[in-house]
């Protein structure tokens with residue numbers, strides 16, 4: 001099931017994003033709950049937009065700094081009212097004052113809802129070269145919080161012993177959402193065909209084919225930088241969204 005993350009069009013308001021999605025024949029949305037996108041925290045407004053455009057919001061992602069128990073509860077309440085299926089958090093930032101929402105609270109409430117609470121992998125980055133940017137949470141350990149996981153392909157260091165293919169096997173039974181994009185060196189969340197050759201920098205084609213071969217049946221969410229979609233040009237936005245869907249269809253849906 002192919003979703004589009006609102007972060008891919010984050011310079012637009014949610015009603016405009018929904019308009020693009022309907023024009024491009026996408027039916028499912030991942031709501032990226034950015035702390036500065038105030039319209040995304042208004043439940044009545046979200047319900048109105050959802051009903052107006054007849055779009056299913058199946059996933060909510062909340063992966064940013066300075067989360068706390070109060071904000072987590074708001075997100076979980078919104079998820080419940082919108083009837084989403086997966087809510088994804090990431091390990092807290094090292095500088096966050098309150099980390100108990102992650103280390104304790106998510107474990108306490110993980111079975112209280114009809115949706116899955118998932119934990120996403122984070123990039124291996126350091127502050128002053130020695131302090132992990134995020135709470136130390138290796139890929140194999142993110143299952144320990146709620147059991148369920150989400151995989152952001154761009155956050156996998158392909159030069160390490162774990163590439164994106166190995167990552168899916170480490171998380172397989174727990175995987176509920178995969179954020180799909182490409183990357184090259186220090187450039188993250190690129191379209192998969194960025195190079196002139198039309199070949200991804202990461203083995204994304206093989207990755208998608210393996211998912212299909214092994215009957216992965218949860219979410220694949222397109223998450224790219226807005227500039228990758230040419231967000232300043234509506235025609236290019238729709239063209240790129242169509243290319244993404246065709247790419248997904250070729251290497252996943254139609255692969256046998």
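Things worth noting here:
- Only Cα sites of the stretch 3-81 enter the Debye sum here, all with the same form factor; the resulting log10 I(q)/I(0) across q = 0.17, 0.21, 0.24 1/Å is -0.61, -0.94, -1.23, listed in q order.
- Label point distance in nm, residue 42-residue 209, each placed 7 Å from Cα along Cα→Cβ: 4.8 nm
- Gyration tensor verdict on the stretch 42-103 (Cα atoms; rounded if a/c is under 1.5, prolate if a/b is larger than b/c, oblate otherwise): prolate
- Principal axis analysis of the Cα atoms in the stretch 2-253 yields extents of 46, 44, 38 Å, listed in decreasing size.
- Relative contact order [Cα under 8 Å, 6+ residues apart], the chain, whole percent: 18 percent
- Label-to-label distance for residue 51 and residue 74 is 2.3 nm, based on points extended 7 Å past Cα in the beta-carbon direction.
Readers should treat all values here as calculations from the given coordinates under stated rules, not as data from a laboratory. The structure presented is a predicted model; accordingly, all values stated were derived computationally and were not measured. FYI the Cβ positions are ideal-geometry reconstructions off the backbone, even for glycines, and counts take in every protein chain you see.
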